[in-house]
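A.B. asks: My structure is below; once you've seen it, I'll send some questions.
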Amino acid sequence: MKLSTFAIALTLSVAATQSFAKDVRLKPVNNNIETQACLTAAEEGFGPALRFIRNSGFNAEEFSASVRCNGESLRTFAYMYKNNEVTENAKTVALVAKNQDAASQACLEALTIGKDAALVKYGLEGENIICNHQDISDFVRQYSVENVIVRSNAE
């Protein structure tokens with residue numbers, strides 16, 4: 001089992017007045033009510049998402065309290081994707097490989113080209129790769145929903 005550890009720096013931006021230009025395309029993984037509510041929150045805002053939930057026959061307050069959109073509350077998700085741009089309120093995660101071995105590089109590369117392609121690129125097919133103390137699949141799933149900056153050790 002190969003172990004790869006990263007130093008992670010979380011940067012939470014606080015300013016709400018400006019947004020940086022990064023168009024976001026959300027791709028729903030299914031068509032269930034939770035996904036549709038999250039998509040509505042991102043595209044139209046929190047209020048329209050609540051109306052959608054109520055029109056679908058659910059209690060909006062209970063629904064929004066229990067549903068997570070990419071790990072965030074419905075309200076936070078709507079705020080992060082206001083006007084279909086990631087606002088400065090969105091979390092930015094900087095990932096830095098602690099070392100330069102193939103497993104570490106595969107973990108970082110998997111975020112951009114996908115797990116399978118990264119494992120093939122670094123000759124690690126069939127290996128049990130651990131990234132940040134979790135399986136590479138879980139690592140990619142966790143960081144695919146956040147703004148990720150991959151940095152080199154020199155930065």
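Derivation of every value follows stated rules applied to the coordinates shown; laboratory data play no part. All figures in this text were calculated on a predicted structure; none of them were measured in a lab. For neighbour counting, all protein chains shown are included, and Cβ atoms are generated from backbone atoms with ideal geometry for every residue, glycine included.
A.B. asks: Filtering the range 110-150 down to residues that are over 26 Å from Y81 (Cβ atoms) and among the small types (G, A, S), which residue is surrounded by the fewest Cβ atoms within 10 Å (Cβ to Cβ)?
C.D. replies: G126
A.B. asks: Sort out which residues of the range 110-135 are assigned to a helix (DSSP H, G or I) and closer than 19 Å to V148 by Cβ, and write them in order of number.
C.D. replies: A110, L111, T112, I113, K115, D116, A117, A118, L119, K121
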